[in-house]
Amino acid sequence: MQTGTHEGEDVDPVAADAAESITSLWGAAGDRSSGRELAWAIGVSHNVSRQFGRFFENHDVLITPTCAAPPLPLGTIDMGSTDLVM
């Protein structure tokens with residue numbers, strides 16, 4: 001990460017041990033993404049938003065289940081993991 005300034009003050013990057021390792025790894029993966037990839041992702045997001053907008057031109061509500069599955073037991077997700085596979 002790069003340091004920058006905010007209203008004239010130095011802003012330090014978050015210390016590596018300040019977040020779970022998986023969070024730091026996802027942040028590093030984001031740092032490796034190009035501006036072109038970011039622009040593509042923003043475009044996809046905008047397209048999906050427009051699709052939802054068209055849906056709501058003819059519908060007042062979208063009913064979906066709150067949770068598609070029961071919650072995972074505590075401790076199932078290892079936030080100390082180094083595996084970025086979803």
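Which pairs do you get when a residue that is more than 30 Å from Ser21 (Cα to Cα) and of a type outside the set (Phe, Trp, Tyr), found in the stretch 53-78, comes within reach of a residue that is surrounded by 10 or more Cβ atoms within 10 Å (Cβ to Cβ) and modelled with pLDDT of 90 or more, reach meaning Cβ atoms under 8 angstrom, with the pair 6+ apart or on two chains?
Leu62/Phe55; Leu62/Phe56
Scan the stretch 55-86 residue by residue and report those that are loosely packed, with under 10 Cβ neighbours inside 10 Å and not in a loop (DSSP other than H, G, I, E, B).
Once the filter is applied, which keeps residues that are loosely packed, with under 10 Cβ neighbours inside 10 Å and not in a loop (DSSP other than H, G, I, E, B), the stretch 55-86 yields Glu57, Asn58.
Please specify each residue of the stretch 27-42 satisfying the condition of being within 30 Å of Asp17 (Cβ to Cβ) and either under 15 Å from the mean Cα position of the chain (by Cα) or surrounded by 10 or more Cβ atoms within 10 Å (Cβ to Cβ) (or both). Please lay out each step first, then the result.
Initial filter on the stretch 27-42 (within 30 Å of Asp17 (Cβ to Cβ)): 27-35, 37-38, 41.
Listed by number, the residues that qualify are Gly27, Ala28, Ala29, Gly30, Asp31, Arg32, Ser33, Glu37, Leu38, Ala41.
Let me spell it out: the conditions are (1) surrounded by fewer than 10 Cβ atoms within 10 Å (Cβ to Cβ); (2) at pLDDT below 90, and Pro13 meets all of them except one. Which number is the exception?
Only one criterion in (1) surrounded by fewer than 10 Cβ atoms within 10 Å (Cβ to Cβ); (2) at pLDDT below 90 is unmet by Pro13, namely (1).
Pick from Ser45, Ser81: which is within 27 Å of Ala19 (Cβ to Cβ) and in contact (Cβ under 8 Å) with a residue 24 or more places away in the chain?
On the way: Ser45 fails: in contact (Cβ under 8 Å) with a residue 24 or more places away in the chain.
Result: Ser81 is the single residue among Ser45, Ser81 that is within 27 Å of Ala19 (Cβ to Cβ) and in contact (Cβ under 8 Å) with a residue 24 or more places away in the chain.
Taking only pairs six or more apart or across chains, which ones have beta-carbon atoms under 7 Å, a first residue in the stretch 11-36 that is acidic (Asp, Glu), and a second residue that is surrounded by fewer than 13 Cβ atoms within 10 Å (Cβ to Cβ) and at pLDDT 80 or above?
Partner pairs satisfying both residue conditions: Glu20/Met79; Glu20/Gly80.
The values are calculated or read from the model by the stated rules, or taken from the named source; none is laboratory data. Given the structure is predicted, the values throughout are model-derived calculations rather than measurements. All Cβ positions, glycine included, derive from the backbone under ideal geometry; neighbour counts span all protein chains shown.
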